[in-house]
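Asker: Got a structure for you, questions after.
The values are calculated or read from the model by the stated rules, or taken from the named source; none is laboratory data. Model, not experiment: these values are computed from the prediction. Neighbour counts are summed over all protein chains in view; Cβ atoms, including those assigned to glycine, are modelled from backbone coordinates with ideal geometry.
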Amino acid sequence: MIAALLERAARRASQADVVLKTDETTRLHFGDDGLHSAAVATSLGASLRVVVEGRQGIAGTVVEDPEDLLTRALESARVGDILTPGLPSRAALPSVITHLPRAAAATLQDLIHLVEILRDRLQTAGLSLNFSVRRSLGSVRVANTHGLDAGYDVSLVDLRLRATVPTGGRRLTLTGRLVGADLPSLPELEQLVRSLRLRLAWATRTVPVPAGRHRVAFSSAALPTLLRPVEQGLNGAAALLDLSPLAHRRGARAFSESITLRDDPLLDGRPGSRPFDDEGLPSRPVALVERGQIAGLLYDLETAARAGVPSTGHGRRTTFGRAQVAPSNIVLEPGTADENAVLAAIGDGIVVERLRGSPDASQLGGSFALPALVAWRVLGGEIVGVVPEVTVAGNAHELLNRVVAVGRDAEWQGSRWLPPVVIEGVSVF
């Protein structure tokens, strides 16, 4: 399909490119009484971009019909935006693992066995357990009229658990997650079990926290609330629209020197890893924040051309949409504080494990006020119990200037690699 499509497009457009994505996803859901549902879904999507007389046209399809796709893309170009960037030519691509044969070959019983291991180790009186497993196998291929034609395969296994236990007159839900290109290993499963058992022990006692400003440790699961405004502010599209409070501060300190942030698509076996982006640009790590200083922004081809800078290779395309700037794997550099040092840095405060929901879609300003679904009371540098539901509030940009400690033990939260971060003066009420 792609060769025929580009051959026809080259006769009627000055340049054209296409991205073809396939996916097969198996989903399993388990409750207290076993397997509740199992489903397999497959998809194919192709997005064609053409440039005719300097104007961009885009069309997408989920069926293999090159002529119809080209016709609609050419019609779109009649009223499309003026597109200034040139498409990339063939280039050497970096090596990165995005597909593991063991995950691809796993049977339904192999996926069920992952849950059985966890259930056997966690079953106890009064504890309600729910699990889900998602295994996705797919491919990405990008080609254009400049001779580029490259592709890679993808595997992803996402295992999640929810454990609900009564405590302090309410039902507390604790969560765990393992995600990567391969099946979780037995040591990873055992670590998940140990973590949950420890938190269940903490949950046997409820300890309130007085309203006010406290030292708060944001766990890896809660930290995205603080990082989303930063990620949005370092997006080249937001900078072009003059919406970013960070874009004009490149080279200046915006956060604590403890904060070093990068986007890294070349980490083996992670959810956002890839050898090239959806526009065919070779992938590379990009420094975003270096010791608190703004070091760089992310761009796709169009935003980079409008800004007069090279693309960083962060274009993402869906079947029916235009390319957008999107991160790959966001990595917050871990610090030196072990678990005991993190608790010592808190002293008298709380650990926020999980927040309810997220701020509004427009998060560039950084302000938030969210209930903590799970938070632990810390007194004298030790966790002494679970906190009744409280609200945590502040401004992400300001709070990231008040970092007291950064943990050394990071965890993957989807495509983010995050350690716990202790922050001074967080509003809790």
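Asker: If we scan the range 90-101, do we find a residue that is assigned to a helix (DSSP H, G or I) and not assigned by TED's automatic domain parsing to the domain that holds VAL309? Give the derivation first.
Answerer: Pass one, the range 90-101, residues assigned to a helix (DSSP H, G or I): 101.
Adding the requirement that they be not assigned by TED's automatic domain parsing to the domain that holds VAL309 leaves 101.
Checked the range 90-101: at least one residue is assigned to a helix (DSSP H, G or I) and not assigned by TED's automatic domain parsing to the domain that holds VAL309.
Asker: Ok, one more. I'm trying to understand the selection: among the residues of the range 102-152, which are closer than 30 Å to ALA46 by Cα, among the hydroxyl-bearing types (Ser, Thr, Tyr) and part of a loop (DSSP other than H, G, I, E, B)?
Answerer: THR107, THR145
Asker: Let me ask something else. Being under 30 Å from THR173 (Cα atoms), buried (at least 20 other Cβ atoms within 10 Å of the Cβ) and assigned by TED's automatic domain parsing to the domain that holds ARG160, is that true of even one residue in the range 73-84? Walk me through it before giving the result.
Answerer: The first filter runs over the range 73-84 and keeps only residues under 30 Å from THR173 (Cα atoms), leaving none.
No: zero hits.
Asker: Take the residues in the range 100-137 that are closer than 18 Å to LEU189 by Cβ, small (Gly, Ala, Ser) and within 23 Å of the chain's Cα centre (by Cα), then tell me which one is surrounded by the fewest Cβ atoms within 10 Å (Cβ to Cβ).
Answerer: SER132
Asker: A further question follows. Regarding PRO229, is this residue assigned to a helix (DSSP H, G or I), in the same structural domain as ALA396 (by TED's automatic domain parsing), farther than 21 Å from GLY315 by Cβ and in contact with a His (Cβ under 8 Å, 6 or more places away or on another chain)? Spell out the reasoning first.
Answerer: Details: assigned to a helix (DSSP H, G or I): yes; in the same structural domain as ALA396 (by TED's automatic domain parsing): yes; farther than 21 Å from GLY315 by Cβ: yes; in contact with a His (Cβ under 8 Å, 6 or more places away or on another chain): yes.
Judged against the criteria, PRO229 is a match.
Asker: Given (1) free of Cβ contacts under 8 Å to residues at least 24 places away in the same chain; (2) farther than 21 Å from SER415 by Cα, identify the lone condition not met by GLY168.
Answerer: That leaves (1) as the condition not met.
Asker: Select from the range 236-261 the residues that are farther than 20 Å from LEU399 by Cβ and not hydrophobic (A, V, I, L, M, F, W, C) and list them in ascending order.
Answerer: Hits for the range 236-261 are GLY236, ASP242, HIS248, ARG250, GLY251.
Asker: Please go through the range 385-424 and pick out each residue that is within 23 Å of LEU192 (Cβ to Cβ) and of a type in the set (S, T, N, Q).
Answerer: Of everything in the range 385-424, those that are within 23 Å of LEU192 (Cβ to Cβ) and of a type in the set (S, T, N, Q) turn out to be GLN413, SER415.
Asker: Follow-up question, since we're still on this one. Given the criterion modelled with pLDDT under 95 and surrounded by 20 or more Cβ atoms within 10 Å (Cβ to Cβ), identify the matching residue among GLY335, GLY366, GLY407. Please lay out each step first, then the result.
Answerer: On the way: GLY335 fails: modelled with pLDDT under 95; GLY407 fails: modelled with pLDDT under 95.
Residue meeting the stated conditions: GLY366.
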